[in-house]
1. Describe numerically, in nm with one decimal, the distance between label points set 7 Å from Cα along Cα→Cβ at Arg176 and at Arg40.
2. Counting other beta carbons within 10 Å of each residue's own, what order do Leu106, Leu101 fall into, fewest first?
3. Nearest 5 percent is fine: what portion of the DSSP beta bridges confined to segment 3-193 is antiparallel?
4. Report the dimensions of the chain along its three principal axes from the alpha-carbon atoms, largest first, rounded to Å.
5. Using the Karplus curve 6.51 cos²θ - 1.76 cosθ + 1.60 with θ = phi - 60°, work out ³J(HN,Hα) for each residue of segment 105-115 in order, rounded to whole Hz, and write x for Gly and Pro.
6. Return the FRET efficiency for the residue pair Asp156, Arg69: r is the Cβ-Cβ distance, R0 is 35 Å, and the value is rounded to the nearest 0.05.
7. If you stretched the chain out fully between Leu110 and Arg62, how much longer would it get, using 0.36 nm times the residue separation minus the C-alpha to C-alpha distance?
8. Just grab the label-to-label distance for Ala187 and Phe132, each label 7 Å out from Cα along the Cβ direction, in nm (one decimal).
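Just so it is clear, none of the values below were taken in a lab; they were calculated from the coordinates. Fair warning: this is a prediction, and the values are worked out from it, not measured in the lab. FYI the Cβ positions are ideal-geometry reconstructions off the backbone, even for glycines, and counts take in every protein chain you see.
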Amino acid sequence: MASVALFHSVLGVRPGITDAATRLRAAGHEVRVVDQYDGRVFDDYAEAGAHVEAVGIPALLRSALDGVRDLPDGFVAAGFSNGAGTAEHVATQRRCAGVLLFSGALPLELLGDARWPAGVPAQLHHAVGDPFRRQEWVTALAADVARGGGRLEVVDHEGSGHLFTDPSLPAEYDPRATERLWREALAFCARVAG
């Protein structure tokens, strides 16, 4: 059983996040959803992005670390979209067993983090046609993880939805890709929980 810190996307704690927490708990893992927006949610990416800019990335990264302050070392940092970058940052600041990234990957230099933690594995899930996917960032993160002695496992899913596991976003949701994602992600959690 793993302890998982789950970071939401730019849209906040929507049904895709609560579903993720439910699936992880059903598999026997302890889950902490870190709500960096204090309950606020968005339906529009541009509006949500403006909120992030107003709050500021440094403040959001500090609140992420505050949200896991009392978790014992060895948890899995997991995040959706910009929450994936947050999970990466947390893993560079705390001792994590693994990192799960959903629809997001940032090179560490964009986060201001010097290096990936030694030997920590990561798994990244992306839709092939995700309009927010930047392959050069995926490649750079894979190199960052490899330099740290870990491995980034990239799992590509058919489709074009960004937050394709969120049933409340019908234009993006893909139930088949969602089920595959959770098979792979739960297997990853079981492996790193050891």
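1. According to this spin-label approximation, the distance is 3.9 nm.
2. Ascending Cβ contact count within 10 Å gives the list Leu106, Leu101.
3. Bridges in segment 3-193 are about 5 percent antiparallel.
4. For the chain, the Cα spread along each principal axis is 38, 36, 33 Å.
5. 7, 10, x, 4, 4, 6, 8, x, 9, 6, 7
6. Efficiency computed from Cβ-Cβ geometry: 0.50.
7. The Leu110-Arg62 span can extend by a further 15.7 nm.
8. 2.6 nm
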